Structure formats: structure tokens, C-alpha cells
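The next block holds one structure in the form of C-alpha cells; read it before the comments.
Just so it is clear, none of the values below were taken in a lab; they were calculated from the coordinates. Predicted model only: the values in this text are computed from it and were never measured. Cβ: placed from backbone, ideal geometry, glycine included. Neighbour counts: every protein chain shown.
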Amino acid sequence: MAKQSSHPKGLYLLFATEMWERFSYYGNRALLALFMISALSFDKQFTSALYGQYTGLVYLAPLVGGYVADRFWGNRRSIVVGGVLMALGQFLLFFAGTWFQDASIAIPLFYSGLGFIIAGNGFFKPNISTMVGQLYEPNDSRKDTAYTIFYMGINLGSFMAPLICGTLGDTGNPADFRWGFLTAGLGMLISLAIFVSFRDKYLLDPAGKLIGLAPGKISAEERAKRDAPLTQVDIERIIVIGVLSFFVIFFWSAFEQAGVSLTFFAAESLDREVLGFTVPTSWFQSLNPVFVLIFAPVLASLWTFLSKKGAEPSSPTKMAWGLLFLGFGYIVIAMAVKHIEPGIKVSIMWLVTMYWLHTMGELCLSPIGLSLVNKLAPARFASLLMAVWFMASAAANWFAGVLAGFYPEAGQAVPSFMGYQINGIYEFFMLFVGMAMATAALLLLSTKKLQK
Ligand code: GLN
């Protein structure tokens, strides 16, 4: 038996597997919008919409992957299938990048590559996330820290990805994007190799039994437990997962501007010269993960400290804080552009500060959400309900793409969103301030009910 303070080795296996998978996903993502614009010559509007649909489907596919795992395949097999599909997808994008000048070849390759990544993520993401919690007894108090550690694995991968894949792919020469995609594919293969080599040794429950097997392979006794009818409490808990997932849609749709409108902003309106060196646009995607790595332990200790004092905020309250931080981040970036003349570029410190605030928000909301879903979900729907949590990201990413379509462009008609005129980048960013603050207020008003 592991000591209460230390964590099972399986956690570090899942950490490494997910780290390389996220390296692959975010390495690709750092290049995607830039690739569509500079290599495939799509315009910003189309790029935003496609980006939103793609990332939306990436997070919707877990619904299928979670269901298939809970019913038929188990988590282990689903993760391997997902990993293989994702690697294939990245390699298809490598070929799309190789023949980018011939649209009749590049475009079909590009779309099928995205399709493979979507399907692969569907099998991979909910299942790896569920397995983290299965390493522990249901009420083990180490689960929250386990998810925080796992979240750091996610972000270690996400941090390296733009620096490595971005540097290889985002060089100014559109023929180089493919090297970034190739590297992303190799990252996925590393993830798979690690998982397959060590899964049987380390993916065990506290009693030493293998976890993540297909339902047909688990003992009759275990199955009877899983198949017991849902109780009233189970149903209420499922509803809470649903309601919280709804609120986080608004969080992620503003947060996920990172890959689209905030990337356009970084490319066009930011003074990226630092000490004679031009910071590549894709590198800004590393700020959020690096802040996660630094501040995840800080917030985790803060929660522990507060809980010792008996003053730990409830999960819904933390999530409302997450939305407030997000809103503050957009206030900062809106202030940066409020009085500038067209064509003048602003200091990167504004964007850095914004990403820091967004990250503080994410840390109040995302690892807590994963852990909460694991604790509230009945065992037989564990992966499926994890997928419901990711469905919020799906809706949000799609919506993020729609909203990014309102990013104002010089010389084009002034867009308006539900009657709100977006005359410039200032108004565009203020849209997210309004959205974040309004949702935070609503969530704060409903915390009592949800907690019960
Ligand atoms: N950045 C985190 C990850 O990739 C969270 C993503 C999400 O839930 N939308 O896992």
C-alpha cells in the first residue's frame, strides 16, 4: 500500500503518456491557424470558423470514445486506439504541408488529418482522464492533488510543444510547417510507446487489480456494483456535472481565443521585438502552460492551507473565481489597446499579463472540474461523464471560433454581435469581459444550490 502522502506510480505513467499526447495536440494547434492562413491561403474568417469547428469536434468526440470505453473496450484499449489515430492524423498533416502548393492534394489531406485527430482525441482524452481517479479509493483525499499533478503533465507537454513544433514549423517559410506536424506525430508515438510498455506494471487500483479493462473482463462482483440502478443521489450528482459544464462553456470560449483571435492579435498588433530578436507568434502559446506549471502548486497549497483553516471555497465558488480572473485578463488587454493609434504595436507585457490572469482562472476551474467529475460520477458512466465535461469545451471551442469571426479587420465593415458594435479590438476584447463577469455573477448566485 502506498503511503497516504505519496502517489501511486501509475499516476506518473499517466502523467508521461498525457504529457506527450498534449505535446502532439498543442504542437499542431500552435501552427494550425498560421498554416491555414499562410500555406493554404484561407482568410481569417474561414480560418476562425474552421478552427472552431475542428477544436469543437476534438472535444465532442470524447462522447463516443467515453461511451465505447465504458460499454465495450475499457480505458486501456481506447487509449491505444486513440493514440494511433492521432499519430496518423499528424502524419497526414505532414503530407498536407509537403504538398501545400497543390490544393487538390493538400486540402483533402488536411481535412482527413484533422478528422483522424478528432477521432483519436475522442478515444484518448476522456479515458486517460478517468484512469487518474481509478488509481485511488473513491474517497481518497489525494485525488485533488493527483489531478493537479496530472494537469502539470498536460501543461509540460503543452509548454514544450509550441517552442519545439512552433520553432520548426513557424519560420516564415510555408514549406516548413510540415516539420512541426511531423514532430507532433512523433510526440504521439512516444506517448504510445510509454503507455504500452508500462501499463500492465503500474495501472493498478489500491488493491493491486488492473484498472481500465473492458467491462467483460472485470469480475462478476465488480460488475454487479457497476450495474446497480442509479440512486436519486447519483441522478442529482449527474445534474450538477451538467450544470457546471454549462457554466464552463463561457469560460473556455473566451479562454480558447488563444489559438485564434489572440494569435491574430499577437501576429499583427504586438511589438514582438525583444533585444533584437523577433519572438515567433506561436511561442505565445507556451505562456499559458508555463504559468500553469508555476502556479498549479501555489494554488494547490492555497486550497490545502484554506481547508486546514476550514475555509476552503466550494468547487462552484472556485469556478466563479476562475471566470472573474478571465474577465480581469480581458480588461488588461482591452486597456492596452484602448487609446492606441491604428498601426501602433503594444508591448508584449500586456499579453503576458493577460495570459497569467487567464491561467489563474483556469487553475481555479479546470483541475477542480476533472476531480469533481471523477468524484461525482457513478462508476459505470465514469468516462462518459468525463466526456460530458469535455463537451463543454466542445461547445466552447466552436463558439470561440464563431466569436473570433468578429475580430475586426481594417477596411472591412464593422461587425456587430447581438446589437453590440465592434468598432475595434477594444470593443472586441470588452465583449469577453462582459461575458465572463455576467457568468461569474450567475454562478456565484447558484453556488449554494449546487453545493447541496
Ligand atoms: N488545457 C487543458 C488540456 O488540454 C484543458 C483543456 C480543456 O478542458 N478544454 O487538457
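Summary of values
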read-out: Residue-wise HN-Hα coupling along the range 270-275, computed from phi with Karplus coefficients 6.51, -1.76, 1.60 (Hz; x: Gly, Pro); value: 10, 7, 8, 7, 10, 6
read-out: Local electrostatic count at Glu256 - Lys and Arg +1, Asp and Glu -1, tallied over other residues with Cβ under 14 Å; value: 0
read-out: Listed residue pairs exceeding 30 Å between alpha carbons, taken from Lys201/Lys308; Lys9/Lys308; Lys9/Lys217; value: Lys201/Lys308
read-out: Over the range 228-273: Kirkwood hydrodynamic radius from C-alpha pairwise inverse distances, Å; value: 13.6
read-out: Over the range 303-452, equivalent-ellipsoid semi-axes from the Cα gyration tensor in Å; value: 34, 19, 13
read-out: Stokes-Einstein D for the range 313-400, Kirkwood Rh over Cα pairs, 20 °C, 1.002 mPa s (µm²/s); value: 143
read-out: Long-range HN-HN contacts of Phe417 with modeled amide H, under 5 Å; value: Ile422
read-out: Qualifying chymotrypsin sites (Phe, Trp or Tyr not before Pro) in the range 64-109, DSSP loop, other Cβ atoms within 10 Å at most 16; value: Trp99
read-out: Convex hull of Cα atoms in the range 225-331, direction-averaged projection (nm²); value: 10.8
read-out: Projected area, mean over directions - the range 163-301, Cα convex hull, nm²; value: 14.3
read-out: Relative intensity, log₁₀ I(q)/I(0), of the range 64-214 from a Debye sum that treats every alpha carbon as a point, q = 0.11 Å⁻¹; value: -0.50
read-out: Solution diffusion estimate, µm²/s, Stokes-Einstein, the range 1-157, Kirkwood Rh from C-alpha pairs, 10 °C, viscosity 1.306 mPa s; value: 95
read-out: The range 40-112 - Rg and Dmax from Cα coordinates, angstrom; value: 15.2, 44
read-out: The chain, relative contact order in percent, only Cα pairs under 8 angstrom and at least six apart counted; value: 26
read-out: Local electrostatic count at Ala220 - Lys and Arg +1, Asp and Glu -1, tallied over other residues with Cβ under 12 Å; value: +1
read-out: For the range 252-292: rounded, prolate or oblate by the Cα gyration tensor [a/c cutoff 1.5]; value: oblate
read-out: Residue-averaged 222 nm ellipticity for the chain, from DSSP H runs of 4+ at -39500 (n - 2.57), nearest 500; value: -25000 deg cm²/dmol
read-out: The chain: DSSP helices with Cα axial extent of at least 24 Å and average Kyte-Doolittle hydropathy no lower than 1.6; value: 232-255
read-out: Radius ratio Rg over Rh of the range 1-55, counting only Cα atoms, Kirkwood formula for Rh; value: 1.34
read-out: Unit Cα scatterers, Debye sum, the chain: log10 I(q)/I(0) for q = 0.06, 0.09, 0.10, 0.11 Å⁻¹; value: -0.25, -0.56, -0.70, -0.85
read-out: Hits among lysines - C-alpha to C-alpha of Lys449 under 19 Å, sequence gap 8 or more where chains match; value: Lys318, Lys375
